[in-house]
Amino acid sequence: MATDVVIIGDFIKSKQIKERKVFQKQVQAIFKRLNQKYQKQLLSQLTLTVGDEFQVIMKLDSNWLNFLDDLYVTLPHPFRLGIGIGEITTAIDPERSIGADGPAFWRAREAIEAVHRNHYGNKCHLALRTQDDSINQMVNSLFLLSETLKSQWTDLQRETFKLMLEEGIYQAEFDQAHFAQTIQISQSSLSKRLSLGNIKIYLRGRETIAEFLEGNHESL
């Protein structure tokens, strides 16, 4: 039985978005770029669906966590996410994430409804569901902790994280001297940004989630 990742998202308070045609055009351009960047990981492309919802189907590997943060640093409006891991029982259209169904979709929908009910004071706008409640509890606790750190980032810390993703850095341990040189700041300035934003701790949390899910693959 194949185990895949379904991600369902929707934009928060989307009725407040002005220039909706411009906004949707901007979102479509971002989706096109992400679909190209993650084409090897995608089973079905990131797609705008009904209203202001979007969804994507991905292979179960650590890259889907990287994908979530690419959404975070590129989309121009806040959003919530429901992540479902499990089987997809219908045919998958690789071009558009519409029409497929199965436990992974049901769990993603359940997860996003949970976020609607409780986002911990706007600190955590994502949740995950698998068939195992103990895994759900562990992973969602790690998400809550790491998302709480991220919710406190300044614009400068957020921009630093975005630059890290653009350089392919998505791990807690990396060559800080080389990265500092790449973005043309001193090593001490970079170290300060990473420390004050707890960015390396955030990434270690993401690594722990990936390792935990990989180690419990048969229970998903």
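The values are calculated or read from the model by the stated rules, or taken from the named source; none is laboratory data. Just so we're clear, the structure is a prediction, and the values are computed from it rather than from any experiment. Glycine also receives a Cβ, built like all others from the backbone with ideal geometry; neighbour counts cover every protein chain displayed. Areas reflect the complete protein model, heavy atoms only, side chains present, ligands, DNA and RNA absent. Shrake-Rupley method; radii C 1.70, N 1.55, O 1.52, S 1.80 Å.
General observations
- Carbon plus sulfur fraction of accessible area for region 106-219, probe 1.4 Å, in percent: 47 percent
- Using all pairs of distinct alpha-carbon atoms, the Kirkwood hydrodynamic radius of region 6-146 works out to 15.3 angstrom.
- Degrees separating the helix 20-37 axis from the principal Cα axis of the chain, which is the longest one: 80 degrees
- The alpha carbon centroids of region 187-218 and region 19-87 are separated by 21 Å.
- Within the accessible area of region 35-83 (1.4 Å probe), percent carbon and sulfur: 47 percent
- A 1.4 Å probe run over the chain, with the rest of the protein chains in place, finds 52 Å² accessible per residue.
- Within region 59-107, the proportion of Cα pairs with more than 16 Å between them is 54 percent.
- Take the Cα of S134, go 7 Å toward its beta carbon, and the backbone nitrogen atoms of region 192-218 under 19 Å from that spot belong to 209-218.
- Each Cα pair under 8 Å and six or more residues apart adds its sequence gap; the mean of these over the residue count of region 97-220 is a relative contact order of 24 percent.
- Under 16 Å of direct C-alpha separation, and excluding same-chain neighbours fewer than eight residues apart, K32 reaches these lysines: K40.
- Placing a label point 7 Å from the Cα of L165 along the Cα-to-Cβ direction, the residues of region 70-95 with a backbone N closer than 15 Å are 70-81.
- Across all C-alpha atoms in region 92-208, the radius of gyration and Dmax reach 17.4, 51 Å.
- Per-residue ellipticity at 222 nm, computed for the chain from helices alone with -39500 (n - 2.57) per DSSP H run of at least four residues, works out to -16000 deg cm²/dmol.
- Assigned charges on the beta-carbon of Lys, Arg, Asp, Glu; the chain dipole about Cα centre (debye): 1000 debye
- Taking every alpha-carbon pair within region 19-80, the share separated by more than 19 Å comes to 26 percent.
- Entries of K13/K123; K37/K192; K150/K200 with Cα pairs more than 21 Å apart: K37/K192
- Fraction of antiparallel bridges per DSSP, the chain only, in percent to nearest 5: 85 percent
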